[in-house]
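Have a look at the structure below before the remarks.
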Amino acid sequence: MKMYLARIMRGKTWSFLYGALSVFVVTFLLNVMVLRINLIESQGTGPKSEITHEVNKEEAYLNYMARGQRKPKAANENEYLKEFLQNSVIKDSNSLTQEKTMNSFQDYKSAINDKNNIILQTLEGRNEEKSVDIKAENYEDENDYDEDDDDDDYEENSEEQSPKNKIFEPGDFVNVSKIIFARPLLKYQDVQNNEGSENVDINEDLIKQNYQTLSGEHIVTDGIYWSDLAKKIVPKGMDQDEAFQFVHKSQHASVKSIHPPSWNKCGRPKNAYVVLDNGSSFCARYRDPHNKLVLGEVMSFYLSRLLGMDSIPAVVLAITNQTSRHWKNVNISSVQWQNGKVVALIQWTPYMETVKSLVSIPKILLKTYESSSVINKNYLRNITLTFNEIAELVQWSSMILFDYITGHYDRFASMQDGAEQEHRQSVLSEKVRNLLKSTKTNKLWFIDNESGLFDAYDLIYNTAGNSFIKYHKLMLQTMCVFEKSMVDSISRLHLSENPHLVLEGFAARHEPFLDYFSKDYVYLIFKEKFKDRISEVYNWIQHCKLKNR
């Protein structure tokens, strides 16, 4: 009997072992096929262009997502770059020499966008009953961003963990040989809050897994423009729609509270920290009777938007009136204001209250300035830059053009003046006035633009401030690489017979209190010199084009 039972157990054991071995062999073969397909695709020889494979890929993704098994995490647009670099034939930073690499990046991203939009549109139609929360422009996870984290925590823990994109499960496919992996649409995410919107800091580590620095030749395109790659490294502010929605909502809100200024919040006397009933916060600028400073603030903001910039805080005009519904909840005399005066409410940008926000001129730009040389494609071709250095240079190039056009004398120009007056070049290395960096996003913000266009023009052309003409020109001639969108806007203004009317009309469409200001002699200076300064910047850009073809 015992021998009989033993024989039966041995038979079952062998059956079990044969079954396990069969499963292992089948699994191994499936994995080999999947790896082979991935290898073919990574080498650029796979059938990506064949419709049958695209359909199978979409079907596989749709089948998986339709079951509601996974909610894709929020990701920023750098994932496009990471994926592109990983799948390219380039394997290290030293081999970033193929011209087609950066040129093909946009085509690659566009193809991914088109593909995933089709997938997601189809998915929305199939899953109305299941209410699968998938949007073509936003994949969000509730745990991606913690508003309660303080600045230090954010800086120390800013490394974004790469999501484990296990999209497919066993049994998802009828024909495994036709598997082609698909990824959800990835898009740079804006984080909304009641004080405007800021972006989660660009996660450079996603790119630095492959590259620590980039050769300068890959951040310039068409001779004088920052490449798409360079622009993607720059942290983003509010886009045009967000900015004007913020302005229009603020214009209809009431003042909830008003507070005297402090050293790290709105600064000088007669300024005030204002909170509206919709939660938005502002630094209020009260300058009566010197209203050209208020006008300069608001017109500088609208010029920045006309030029496609997102680094100037939004500005809303208001007229003080203690009896109106907008002001009845506060006492304006507590901040030494009077009724019937115009004030500029300047969007409060958080995470810039500490010394960590103070900014110095980039070393490469200072070296260029002191040696009377210029940053252009040839200069950049011979150096490598970190991603922070690239982001700063892109933003400084825009600031240089903006400050030249507006005549802003209280930013870097004041440091140039100080260095010359004190015969001390070290002044140029100090922290720049009215330029701050968000400790949350590393974005540069060009604040306090009250001198722009009106007070600055009055100083430069009507009083003894003509030395600033020299300072602005010296700074302009350090830079021959620009954002193309900004160059295009400057070109359109240059071609206009009356560019000051273009700016006024643009501002008047959004700001009803613009007519409050009288057109005095300062306005006449602005009318004449705005066109001149636009033309001077335009001519410098043309010079750069000729020299850097």
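The values are calculated or read from the model by the stated rules, or taken from the named source; none is laboratory data. Everything numeric in this text was worked out from a predicted model, so none of it was measured. Neighbour counts run over all protein chains shown; Cβ positions are idealised from the backbone, glycine included. Areas reflect the complete protein model, heavy atoms only, side chains present, ligands, DNA and RNA absent. Shrake-Rupley method; radii C 1.70, N 1.55, O 1.52, S 1.80 Å.
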From phi via Karplus (6.51, -1.76, 1.60), per-residue ³J(HN,Hα) for the range 510-524 in Hz, x at Gly/Pro: 10, 10, x, 8, 5, 6, 5, 8, 7, 8, 8, 4, 5, 4, 5
Interchain or long-range residues, amide H under 5 Å from Ser280's placed H: none
Dimensions (Å) - the range 365-500, Cα atoms, principal axes, largest first: 44, 41, 33
Cβ crowding within 10 Å averaged over residues, with 219-230, 445-456, 491-502 ranked highest first: 445-456, 219-230, 491-502
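For the range 273-419, report the accessible area per residue in Å² (1.4 Å probe, heavy atoms, rounded to an integer).
I get 33 Å² per residue for this part.
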Amide hydrogen neighbours beyond the local backbone of Lys443, cut-off 5 Å, H modeled: Ser438
Sulfur and carbon atoms: percent of accessible area, the range 454-537 [1.4 Å]: 54 percent
Net charge of neighbours whose Cβ lies under 13 Å from the Cβ of Ile460, counting Lys and Arg as +1 and Asp and Glu as -1: -4
Calculated from backbone phi, Karplus (6.51, -1.76, 1.60) coupling profile of the range 390-406 in Hz, x at Gly/Pro: 5, 4, 5, 4, 4, 5, 5, 4, 5, 5, 4, 5, 4, 5, 5, 5, 7
Accessible area per residue, Å², the range 420-494 with all protein chains present, probe 1.4 Å: 40 Å²
Peptides ranked, highest mean first, by Cβ atoms within 10 Å: ranges 290-301, 427-438: 290-301, 427-438
Reciprocal of mean inverse Cα separation for the range 253-363 (Kirkwood radius, Å): 14.9 Å
For Asn321, residues with placed amide H under 5 Å, excluding near neighbours: Gly340
